[in-house]
1. Work out the P(r) tail for the stretch 1-67: percent of alpha carbon pairs separated by more than 15 Å, whole number.
2. Taking the Cα centre of the chain as origin, sum charge times position over the Cβ atoms of Lys and Arg (+1) and Asp and Glu (-1), and report the length of that vector in debye to the nearest 20.
3. Need the full-extension length gain, Asp13 to Asp119, defined as separation in residues times 0.36 nm minus the C-alpha distance. One decimal, nm.
4. What is the sum of charges around Ser38, taking Lys and Arg as +1, Asp and Glu as -1, for the other residues whose C-beta is under 15 Å from the C-beta of Ser38?
5. Among Ser38, Ser65, Ser47, whose mean-square fluctuation peaks in a Gaussian network model of the chain (Cα, cutoff 10 Å)?
6. Round to the nearest 0.05 the FRET efficiency obtained for Gln71 and Lys30 when R0 = 25 Å and r is the Cβ-Cβ distance.
7. I need the phi-derived Karplus couplings for the stretch 82-97: 6.51 cos²θ - 1.76 cosθ + 1.60, θ = phi - 60°, integer Hz, Gly and Pro marked x.
8. At 222 nm, what helix-only mean residue ellipticity would the chain give, in deg cm²/dmol to the nearest 500, using -39500 (n - 2.57) for each DSSP H run of four or more?
Amino acid sequence: MDLFDTISAQIKDAMLAKDRVRLEALRGIKKEFLEARSLPGAGGTLSDDAAVKILVKMAKQRRESAEIYSQNGRQEMAADELAQMAVIEEFLPKQLSDEELTAELQKIIAQTGASSAKDMGKVMGVATKTLAGKADGRLISDKVKELLG
């Protein structure tokens, strides 16, 4: 069962459980998936890799929205965004710990032959593809700067 089918089944479960926040998050995910499937060239399908990219983007949007709501004193709205983000993150691959991320990046640096901050572009190109969905892009970038610096 692919990610799209899993989300569809979870929507039914959330409706039966009358879980408003979960249902809203799942419907948002399904909407994004349907839009991606209907893009020209998609052929009516959505690979799990493309689905993970969409989920990462959605989780990041929810996190940023929650921060803005918190800064403006709208705690109930921030809590709702964070709850939806938690639902979205259930479908993402397990995030790498700091040690695991460092080890993976050291392998990539050795593989690309990078030796200084000038080579950051080469490392980031490989790292973002390899670690997609497993670590936040900003975190990867910061760690690569630290390792090459």
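Values quoted throughout were computed directly from the atomic coordinates according to the rules given, and no laboratory measurement underlies them. Note that this is a predicted model, so its numbers are computed, not measured. Glycine gets a Cβ as well: all are built from the backbone with ideal geometry, and neighbour counts include every protein chain shown.
1. 55 percent
2. 340 debye
3. 33.3 nm
4. Here the count lands on +1.
5. Looking only at Ser38, Ser65, Ser47, the biggest GNM fluctuation is shown by Ser38.
6. Taking R0 as 25 Å, the efficiency between Gln71 and Lys30 is 0.25.
7. 5, 5, 5, 4, 4, 5, 4, 5, 4, 9, 8, x, 4, 6, 6, 6
8. Value at 222 nm, helices only: -24500 deg cm²/dmol.
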